[in-house]
1. Just a yes or no: is a residue in the range 165-173 over 12 Å from the mean Cα position of the chain (by Cα), of a type outside the set (F, W, Y) and more than 30 Å from Q31 (Cα to Cα)?
2. Could you please let me know if G100 is part of a helix (DSSP H, G or I) and either in contact with a strand residue (DSSP E or B) (Cβ under 8 Å, 6 or more places away or on another chain) or without any contact (Cβ under 8 Å) to a residue 24 or more places away in the chain (or both)?
3. Report yes if some residue within the range 19-26 is at pLDDT below 75 and either more than 15 Å from the chain's Cα centre (by Cα) or under 26 Å from F226 (Cα atoms) (or both); otherwise report no.
4. In the list L15, L44, which residue meets the criterion of being surrounded by fewer than 24 Cβ atoms within 10 Å (Cβ to Cβ), at pLDDT 80 or above and in a helix (DSSP H, G or I)?
5. Any chance the range 134-147 includes a residue that's part of a helix (DSSP H, G or I), aliphatic (A, V, I, L, M) and either closer than 26 Å to I59 by Cα or modelled with pLDDT of 85 or more (or both)?
6. Hey, does the range 145-165 have a residue that's more than 24 Å from A235 (Cα to Cα) and without any contact (Cβ under 8 Å) to a residue 12 or more places away in the chain?
Amino acid sequence: MSWIEALLLGLVQGLTEFLPVSSSGHLTIGQEILNLNTSSADNLLFTVTVHAATVLSTIVILWKEIEGLFKGTFFSKEWNTEKIYVSKILLSMIPVFVIGMFFKDEVEAIFGSGLLIVGCCLLLTASLLAFAYYAKPRQRETISFRDAFIIGVGQAIAVLPGLSRSGTTIATGLLLGNKKESVAQFSFLMVLIPILGETFLNVLDMIEDPSLLGGIGFAPLAVGFFAAFISGCLACKFMINLVKKGKLIYFAIYCAIIGAITIGFNIL
């Protein structure tokens, strides 16, 4: 992988991690377009690197909220709003934890099944976003424990390549009748621990088996990291503002077009 390819894929990861268009699906499409025949080890190392970058971008953009939750959770003896919020985040992680622990091999098999599944899941993402845009349920200020768990189920389903995690969780939260700003913030915060956990496990795998480090080189990794971080910061801030304005329909149209093109390209 050259540094230019790493730059392009890093930008794709950073932007699409937060925009409701599926980062995994776009990375797969990007690798096909660039005709990258990288090894599984190179793919793993690069994926770990750019995911770490997007986690860092989330922390930077939502630092004020994260700092408040941290202080309220660990420096207060009361059962306060911060502890309740963190409890909801932990509850939302249960479904994706179950998928990661018991269905990891099945998920990895799906990721290697080509562009057809990516195209179909992009169409499903488009449908979810469109449905959430046109549905007008009453908006609640606070996400309930029940809604937090259901949103977590949406996140677990969104491990499929082409099914947007942010799009699925935000659309699910909106359809359940939650306020736009609350859903957007919850969606971005709830993914921090699962991604950090997955990254940590992948790092342990690479420590145990140095062959998994691959031969991608430091320069492409560094370029990919900074590209994903900078674009992730921009996309995270942009997406929160966009959800507040309720402009998800444009991403629904985009996902429908890209999904149809991907399916057509796979068939032809």
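The values are calculated or read from the model by the stated rules, or taken from the named source; none is laboratory data. Since the model is a prediction, treat every value here as computed from it, not as a measurement. We place every Cβ from the backbone using ideal geometry, glycine too, and count neighbours over all the protein chains shown.
1. Our first condition is that a residue be over 12 Å from the mean Cα position of the chain (by Cα); within the range 165-173, this holds for 171-173.
Within this subset, residues satisfying the condition of being of a type outside the set (F, W, Y) are 171-173.
Among the residues that remain, those that are also more than 30 Å from Q31 (Cα to Cα) are: 173.
Looking through the range 165-173, at least one residue is over 12 Å from the mean Cα position of the chain (by Cα), of a type outside the set (F, W, Y) and more than 30 Å from Q31 (Cα to Cα).
2. no
3. yes
4. Going through L15, L44 in turn, the sole match is L15.
5. Looking through the range 134-147, none of the residues is part of a helix (DSSP H, G or I), aliphatic (A, V, I, L, M) and either closer than 26 Å to I59 by Cα or modelled with pLDDT of 85 or more (or both).
6. Yes, that holds for at least one residue.
Per-residue answers, yes or no, for (1) surrounded by fewer than 18 Cβ atoms within 10 Å (Cβ to Cβ); (2) more than 27 Å from G259 (Cβ to Cβ); (3) in contact with a Phe, Trp or Tyr (Cβ under 6 Å, 6 or more places away or on another chain); (4) modelled with pLDDT under 85:
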site: P161; (1), (2), (3), (4): no, no, yes, yes
site: S164; (1), (2), (3), (4): no, no, no, no
site: G167; (1), (2), (3), (4): no, no, no, no
site: I170; (1), (2), (3), (4): no, no, no, no
site: L176; (1), (2), (3), (4): no, no, no, no
site: G217; (1), (2), (3), (4): yes, yes, no, yes
